[in-house]
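The structure appears below as structure tokens.
The values are calculated or read from the model by the stated rules, or taken from the named source; none is laboratory data. All of these numbers come straight from a predicted model, not from anything done at the bench. Neighbour counts run over all protein chains shown; Cβ positions are idealised from the backbone, glycine included. The area values use the complete protein model at the heavy-atom level, side chains included, leaving out ligands, DNA and RNA. Shrake-Rupley method; radii C 1.70, N 1.55, O 1.52, S 1.80 Å.
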Amino acid sequence: MMKLRLLFSVLLVLSVNSPLQAFDFEFKGNDQAGLSPYEINNIEVFEATNKSVVYVTNSQIKRDRFSYNVQEIPAGTGTGFIWDKSGHVVTNFHVIKGANKITITLADHSSWVAKIIGAAPDKDLALLKIEAPAEKLFPLKRSDPAFPKVGTKVLAIGNPFGLDATLTVGVVSALGREINSIAGRKIKNMIQTDAAINPGNSGGPLLNSRGELIGVNTAIYSPSGASNGIGFAIPVKSVLSVIPQLQKHGRLIRPVVGIMDAPDAIAKQNQIKGIIVAQVLKGGPADKAGVVGMSRDRRGQFQLGDIIIGFDGKSVLAIDDLLTILETKKVGDVVNMKLIGVDGKDKVVKVTLGAPPQK
């Protein structure tokens with residue numbers, strides 16, 4: 001009898017003090033019973049935003065090599081999201097590159113042919129438009145343009161490997177990263193995240209725990225081509241700068257200096273640290289400032305002109321550096337440009353930035 005009482009006492013102590021008590025869920029008759037606040041937030045963000053995410057299909061016209069028949073074939077898929085009630089859709093440029101036809105599939109599985117409104121290959125962003133009724137469109141809220149902090153929880157919704165409306169969760173791993181765009185220019189100030197981003201996620205939204213857009217998923221770093229814990233997103237600050245320009249002009253508008261530059265590779269081969277001015281456009285800002293381009297001597301050999309080494313107080317080593325600074329300027333701004341002149345001496349000229357040529 002004594003042994004039985006001792007066993008009962010031990011079992012009672014275990015039942016009271018066991019760590020398993022922390023997982024003793026109390027179901028209350030609703031679908032969130034027993035879930036942690038972390039899980040509930042994931043569910044609420046997904047349910048509030050997944051109708052804003054769209055499936056993008058890139059179709060191209062190909063000619064059959066044997067029959068010579070022309071046919072439309074799917075060339076790739078990706079993700080996008082609703083920008084406004086007018087039917088504008090944001091995605092990556094590389095998702096729609098080379099497309100003869102773009103189809104947008106909404107969360108209700110209705111499909112709409114999209115028109116390209118504008119594209120910014122340098123930023124890997126594109127703006128599309130569909131003629132869907134407003135009641136089918138659910139624009140995403142945008143977060144404060146200020147960067148999130150490292151460690152901030154993020155959620156990515158996309159269509160990896162053609163599987164629609166897939167949610168992955170992670171954190172902001174790092175800020176200020178750089179990757180190369182499809183146009184070869186560097187996209188700066190990228191958000192790095194460990195939220196799984198796989199092929200097909202490109203162009204989809206990266207969200208914060210309030211369901212607000214903080215970035216556009218655009219690339220992964222992985223030898224295998226699948227998620228390896230390092231993904232990148234274009235920050236909402238850049239998106240808010242680019243999309244209005246695409247909507248208004250169809251392209252990025254930046255002021256110009258009025259030069260033709262020699263490829264950076266030529267400067268590197270000749271151990272020149274700066275931008276070689278190959279040609280000065282007649283009547284342009286640089287021409288009015290007295291900048292000198294390359295020329296030929298009597299024997300037909302090329303002679304160096306001016307070399308740009310500084311712009312607006314910042315060092316420039318390549319054309320990408322100059323273009324990045326120009327993106328912060330507007331037509332009519334007067335900027336100091338530092339040059340190595342034909343005589344090999346440094347000089348500074350004032351350049352009044354001009355408007356880009358009309359296309």
Segment 89-110: number of residues that are open to solvent by 40 Å² or more (accessible area, probe 1.4 Å) and farther than 11 Å from LEU137 by Cα: 6
Options ILE197, ILE259; residue that is in contact (Cβ under 8 Å) with a residue 12 or more places away in the chain and more than 20 Å from PRO160 (Cβ to Cβ): ILE259
Pairs where the first residue, in segment 73-91, is under 18 Å from PRO121 (Cα atoms) and assigned to a strand (DSSP E or B) and the second is of a type in the set (Lys, Arg) and at pLDDT below 95, C-beta under 9 Å, 6+ apart: GLY76/LYS97
So ILE197, is it open to solvent by less than 50 Å² (accessible area, probe 1.4 Å) and of a type outside the set (Asp, Glu): yes
Pairs, first outside any loop (DSSP other than H, G, I, E, B) in segment 142-156, second surrounded by fewer than 17 Cβ atoms within 10 Å (Cβ to Cβ) and among the β-branched types (Val, Ile, Thr), C-beta under 7 Å, six or more apart: LYS153/VAL171; VAL154/VAL171
GLY203 being of a type in the set (Gly, Ala, Ser) and over 20 Å from VAL95 (Cα atoms): no
Selection status of ILE61, at pLDDT 60 or above and either within 29 Å of ILE197 (Cβ to Cβ) or of a type in the set (Lys, Arg) (or both): no
Residue satisfying all of: in segment 120-141; out of contact with any Gly (no Cβ under 7 Å at 6 or more places or on another chain), in contact (Cβ under 8 Å) with a residue 60 or more places away in the chain and open to solvent by 40 Å² or more (accessible area, probe 1.4 Å); farthest from HIS109 (Cα to Cα) among these: PRO121
Restricting segment 30-58 to residues that are in contact with a helix residue (DSSP H, G or I) (Cβ under 8 Å, 6 or more places away or on another chain) and under 21 Å from THR105 (Cα atoms), the residue that is modelled with the highest pLDDT: VAL56
Which numbered condition MET260 misses (of (1) more than 21 Å from GLU327 (Cβ to Cβ); (2) open to solvent by 60 Å² or more (accessible area, probe 1.4 Å); (3) not in a loop (DSSP other than H, G, I, E, B)): (1)
